[in-house]
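Undergrad: First the structure, then my questions, so here it is.
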Amino acid sequence: MASSDELVNVTRVDKPDSEWAKSLDKMEFQVLRKKGTEPARTGVYDKFYPKEGHFVCAGCGTPLYSAQAKFDSGCGWPAFDKCYEGTVKTEIDNAFGMRRVEILCAACDGHLGHVFENEGLTPTMERHCVNSVSVKYVPENLAAKESKVVDGGIASGALGALSPFVFLFGVYILSDVLGRSINAFTAAGVAQ
């Protein structure tokens, strides 16, 4: 894909949960609207590496990532090292006794996952750990400006004194356990 200075048009999408529940399946709703996590290594895009195309928000269709930004981090979820500029926003996530940087769709506030910095996996030094159910693949290329989502201080400060690899392993274990628990809880509610 050719580099471009064009920006993706981000149009705000505001809907109540009742409308989101009608347009998303149960797992998409749990992850995008309730900040859930799919179990590691279960997502359709974990080991999917297209050479062309881009990924859009599964909730609102806003373009988020180029196929070229996707890489194999080995974390069990789709990983991207940059996003289309202005399409992803961050918030500090203090859930579960740890401080992380959450990434959300800038148009609809759909939960995508978390961003980690300074792991040395790519030249951008940024890894967006994204739930597969948060995005959908579009085979057409999109020429738009890409950039990192954090300014260099947000994610680094979220790690505290922990080694990034120790932290990554802890996030992997916690996310897998939480994803399985959420799935079991959701399944139990559906069975009633």
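Undergrad: Below 8 Å, C-alpha to C-alpha, sequence gap of six or more: please give me the relative contact order for segment 58-127 in percent.
TA: On the way: 110 pairs, mean separation 17.9, N = 70.
This gives 26 percent for segment 58-127.
Undergrad: Answer with one residue from Ser23, Gly59, Asn141: the one whose Cα lies farthest towards the positive end of the charge dipole of segment 17-191, charges on Cβ with Lys, Arg +1 and Asp, Glu -1.
TA: Highest projection toward the positive end goes to Ser23.
Undergrad: When the Karplus curve 6.51 cos²θ - 1.76 cosθ + 1.60 is applied with θ = phi - 60°, which whole-Hz ³J(HN,Hα) does each residue of segment 103-120 get, with x for Gly and Pro?
TA: 10, 9, 5, 5, 7, 10, 6, x, 5, 9, x, 9, 10, 10, 10, 6, 8, x
Undergrad: Using the Cα centre of segment 72-125 as the reference point, and only Cβ charges (+1 on K/R, -1 on D/E), how large is the resulting charge dipole? Debye, rounded to the nearest 20. Spell out each step's value before the answer.
TA: Working: 4 positive and 9 negative charges, 15 e Å.
Its charge dipole is roughly 80 debye.
Undergrad: Given H placed 1.01 Å from N in the peptide plane, which residues other than close sequence neighbours of Gly53 have an amide H under 5 Å from its amide H?
TA: Answer set, sorted by chain and number: Ala67, Asn141, Leu142.
Undergrad: Pull out the extension gain between Arg180 and Lys34, defined as 0.36 nm times the separation in residues minus the alpha carbon to alpha carbon distance; nm, one decimal. Show your work: numbers first, answer last.
TA: Details: separation 146, 0.36 × 146 = 52.56 nm, distance 1.50 nm.
So the extension gain works out to 51.1 nm.
Undergrad: Still on this structure, I have one more. Ranked by Cβ crowding within 10 angstrom, fewest neighbours first, how are Ile173, Ile103 ordered?
TA: Ranked by crowding around the Cβ, least crowded first: Ile173, Ile103.
Undergrad: Quick one: dipole size for the chain, taken about the Cα centre, charges +1 on Lys/Arg Cβ and -1 on Asp/Glu Cβ, in debye to the nearest 20. Present the calculation step by step, with values, prior to reporting the outcome.
TA: Details: 20 positive and 24 negative charges, 92 e Å.
For this selection, approximately 440 debye.
Undergrad: Along the positive direction of the dipole of the chain (beta-carbon charges: Lys, Arg +1; Asp, Glu -1; about the Cα centre), which of Leu174, Tyr49, Val101 reaches farthest?
TA: Toward the positive end, the furthest listed residue is Leu174.
Since every read-out is calculated from the coordinates, none of them should be taken as a lab result. Predicted model, so just to flag it, every value in this text is computed and none were measured. Please note: Cβ atoms are built from the backbone with ideal geometry, for glycine as well, and neighbour counts cover all protein chains shown.
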